[in-house]
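For reference, the structure discussed in these notes is given below.
No value in this document is a laboratory result; all are computed from the given coordinates. On a predicted model such as this, the values are computed, not experimentally measured, just so you know. Note that each Cβ is placed from the backbone with ideal geometry, even for glycine, and that neighbours are counted across all protein chains shown.
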Amino acid sequence: MGLARNKRRERTVDYWPGFVDALSTLLMSIMFLLTVFVIGQFILSREITGRDEVLNRLNSQVNELTQLLALEKGGKQDLEDSVANLQSSLATAESERSRLQALLDAGSGNSQAAQQRIGTLTQQLDEQKQTSTRALSQVDLLNQQIAALRNQIAAVEAALQASEAKDDSSQVKIADLGRRLNVALAQRVQELNRYRSDFFGRLREILSDRDNIRIVGDRFVFQSEVLFPSGGADLNADGQTEMAKLAAALIDVAKEIPPEINWVLRVDGHTDNVPLSGTGRYADNWALSSARAIAVVKYLIGQGVPADRLVAAGFGEFQPIAPGDTPEAHATNRRIELKLTEK
């Protein structure tokens, strides 16, 4: 009865580590999404920075054109004032000429002096007309220059508006891209979790009768003694049997996983913290853990599992799951972990 109760306790599934690993997986997904978002923000900031430089150059050109327009307007005003003065002088001269001509016609005053005065005024009038004509020509030229400047300012403003509209459109596209990427990633994670659950469910059915095979969160944990001899990395007969079951379950699940999901089965090798002598086949625990993980991967490949769906990693003694230096802790830490994940 005591042994039966112990076995029931050992077979009781501890769900808490599963929740912890699920939370870790969710956290990693969120970190990946944040990384994609930061990259997107970095690309957007570079694009916006370039557009800001273009906008600054355009604004500088607008300021220069505005200053030129102000100067041209000031010159035009001066010329218009000069024209007004000349026209006023011309009107005065014409009035004086008319008065003198009237006096001449009436026979009053000195006719010769009046003629001379009239000639002088006529010459002055002609000179003022020529000056007025030149001033009017300059005013026309200034009007043309002002019209050209206004056209340039309008073109610059149109370019600024187009640039701002393009920037707004880019912001909308980036936001939509981020939203679609988040949805796609969430769907991929859900799909992979579903197939991971199917895979683990089949392995539970196949390997449920072995006490030395445990489920820790989203990983299957094989004790090294089940698969390898002490200090060796060659699969023994029991290890080959267990790996053959694993390969069959993995091949069945792989047929159902869509090709767009880039999944892999990660095989992690772990050892205890007892150092090797260094005179044997393996120099240290790094080499031993890596060799054991590679041995499992090669055997699975020999059973028909695609090589591009397998990853081998050795962790040595640096990822223990049982603290302490007791024989029980050492046995627990000597293990092979299998995890279905995404590349």
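Summary table
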read-out: Pair Leu27, Leu136: separation of 7 Å Cα→Cβ label points (nm); value: 8.8
read-out: Distribution of pairwise C-alpha distances over segment 278-343, 10 Å bins, in %; value: 19, 42, 31, 8
read-out: Sites Leu90 and Ala147, calculated FRET efficiency, Cβ-Cβ separation with R0 35 Å, nearest 0.05; value: 0.75
read-out: Pair Val38, Ala159: separation of 7 Å Cα→Cβ label points (nm); value: 3.7
read-out: Rounded to whole Hz, the Karplus (6.51, -1.76, 1.60) HN-Hα couplings of segment 141-155, x for glycine and proline; value: 4, 5, 4, 5, 5, 5, 5, 5, 4, 4, 5, 5, 4, 5, 5
